[in-house]
Amino acid sequence: MTERIAFLGIGLMGGPMASNLLKAGFPVTVWNRTPGKAETLRAAGADVSSSAADAVRDADIVITMLTNGPAVEEVLFGAPKVIAAIRKGALVLDMSSIPPATARDHARRLAALGIPHLDAPVSGGTGGAQNGKLVIMAGGPAADFARAEPIFAPLGKPTLVGGSGAGQLAKLCNQAIVGITIGAVAEALLLAAAGGADPAAVRQALMGGFADSRILQEHGQRMLNRRFLPGFAIANQVKDLDTVLDAARQAKLDLPLAARVTELFRQIADAGGGGYDHSGLLLELEKRNPPARLGTIPDKLPS
């Protein structure tokens, strides 16, 4: 029997993810705090619920794809209590990016009610969500992961990385690498331009060598195009990097690269750029280094 899915959170990522589950033949009920976003999936075959509690009532699988830890806490355990509507034995897949300690707490509270839980954050951005090519980092019991694998299959590539909270820890590792690498690519291209080289040609020359990465390929091109419409917003990058630093403090680690790039992202967010794509870190570096700039074309920014 095909498991019935309740999908809570139809945003830039959740919308295409739910759409891919529908295309794979799963019955999906969707809910979003802003109802209009959920309504966009009705034509694709989704049932649209006016409340999160109603959405989960008959579900075998409950997927949350929400903004942060407090949002997941509020939706699952706030009033009205969604948790009271989830039936015993339904599997909760939290695909949001939240602190590992919060994920472990949620897993314990749900287990006490007979409700299994996996933390399963994703990487790959909106393109990965649309194309079913997300990287899914899961934490929790192996048996629950095995049950979830057919659900994950239309969404991307899942890997079980450890027990409860380990998926979120893997996502923090991902976000540290992404944030630091965006900074490195922005600095390198700005250095190329300021030194008199063609930054587009420098990027092309580096691709295929040890400095190559998806960040150089995709975000480097966004910087050259000066296209800073989100993908993944700077505000969310700051949120995730703050969580990285919190986890480092708990582990008694000093992560100076993560700390420095967090402050650079925070400065552009505080100046009103929180909605820019995280490749927009380039703008903070240009602000610090006038008149250095990549190209002359106008910036494409969210309205």
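We did not get these values from a lab; they are worked out from the coordinates using the rules stated. Since this is a predicted model, take the numbers as computed values, not measurements.
Result for the chain in a Gaussian network model with C-alpha springs under 10 Å: among 283, 264, 206, the largest mean-square fluctuation is at 206. Here the scattering of the stretch 1-74 is modelled by Debye summation over its C-alpha atoms, one equal scatterer each and no solvent; at q = 0.27 Å⁻¹ the log10 of I(q)/I(0) is -1.35. Of 112, 129, 71, the residue with the greatest mean-square motion in the GNM of the chain, using alpha carbon springs below 10 Å, is 112. Pairs of Lys residues in the chain that lie 8 or more places apart, or on two chains, and have C-alpha atoms under 27 angstrom apart add up to 23. Residues whose amide H comes within less than 5 Å of that of residue 156, counting only those at least five positions distant or on another chain, are 134 (H built at 1.01 Å from N in the peptide plane).
For the chain, the longest principal axis of the C-alpha atoms and the axis of helix 166-195 are separated by about 20°. Sequence-ordered 3J(HN,Hα) estimates for the stretch 74-80 from the Karplus curve with 6.51, -1.76 and 1.60 and θ = phi - 60° stand at 5, 5, 6, 10, x, 9, x Hz, glycine and proline given as x.
Amide H to amide H, with H built 1.01 Å from N, residue 48 comes under 5 Å of 30, counting only residues 5 or more places away or on other chains. Remind me, relative contact order of the stretch 5-162 in percent, using alpha carbon pairs under 8 angstrom and six or more residues apart? Once normalised by length, the contact order is 20 percent.
Could you work out [θ]222 nm for the chain from helices alone, using -39500 (n - 2.57) per DSSP H run of at least four and dividing by all its residues? Round to the nearest 500 deg cm²/dmol.
On the way: 13 runs with 141 residues, N = 303.
Roughly -14000 deg cm²/dmol at 222 nm, from the helical runs in the chain.
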